[in-house]
Structure formats: C-alpha cells, structure tokens
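Input: a single structure, listed below in structure tokens.
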Amino acid sequence: MAAAEGWSDTMDANQQIQTICDREKPQVETMTGANYVAFKAVKYRNQSVRGGENLIIKVHLGEVNYIHLSLYKPFDGKVQIRGVEQKRTKEDELTPFPI
C-alpha cells in the first residue's frame, strides 16, 4: 500500500533514477559547494502529481555520507531540483522535506 499523501513506499533505485542523478549531479554540486566522487542513487520514493511526478532520492556519496534530493520531473520537460538535504545517513528515512 502506498504511503500517506500519495507518496510511494521506499524502493530500490533503478537505472532510470541513477540516470536522473547523473544528469543533475553538476547542479547539486553547485548548490552544495562540494565535488562528489561517488554519486550513487540507492533508494527513492515518488508521488504522481498533475503534469509529472515528485521524487525524493537517497544518494550515497561514499563511506557513510548520504544526501537526499527533492526533484520534480515533468512529463514533458527538464527535471527541477527543489531541495537538497545534506548530512544524511544510510538509516535516515526518505520523507518529504520543505523546499
């Protein structure tokens, strides 16, 4: 059963989610002021909305470092980064966060 507010349960990241992360990595690096050697999508949740979908993605940066990305992916346009949560851990749940 899907989680409250229309968000899916947490799922393992697939190649499509990794491709989105690969494309958005330069902008995330600009936003955070960091350069990431590792940038591997590991988990995600999605929410269908009018015109596209919202995504929250857990990204492994190496060792014990993770970030969470909040994205909007329109059906017919460019992915938009809505927010980045830094200093996340492997155990942190993927929950919607203020943008």
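Within region 42-65, which residues have the backbone N less than 19 Å from the label spot 7 Å out from T32 along Cα→beta-carbon, could you tell me? Within reach of a label on T32, which here means backbone N under 19 Å from a point 7 Å along Cα→Cβ, region 42-65 contributes 42-45, 55-65. Using only the alpha carbon atoms of the chain, find the Kirkwood hydrodynamic radius as the inverse mean reciprocal pair distance, in angstroms to one decimal. Radius from the Kirkwood sum: 13.6 Å.
Using a simple spin-label model with pseudo-atoms 7 Å out from Cα toward Cβ, K90 and R50 lie 4.2 nm apart.
Accessible area per residue for the chain, computed on protein heavy atoms with a 1.4 Å probe, is 62 Å². Where only DSSP H runs of four or more residues are counted, the chain gives -6000 deg cm²/dmol as its mean residue ellipticity at 222 nm, each run worth -39500 (n - 2.57). One Cα centroid belongs to region 80-99, the other to region 1-53; the line between them spans 10 Å. Of the trypsin sites (Lys or Arg not before Pro) found in region 12-99, those that fall in a DSSP loop while having at most 11 other beta-carbon atoms within 10 Å are R50, K78, K90.
The values are calculated or read from the model by the stated rules, or taken from the named source; none is laboratory data. Since we're looking at a predicted model, the values are computed, not measured. Backbone-built Cβ (ideal geometry, glycine too); neighbour counts: all protein chains shown. These area figures cover heavy atoms from the full protein model, side chains too; ligands, DNA and RNA do not enter into them. Shrake-Rupley method; radii C 1.70, N 1.55, O 1.52, S 1.80 Å.
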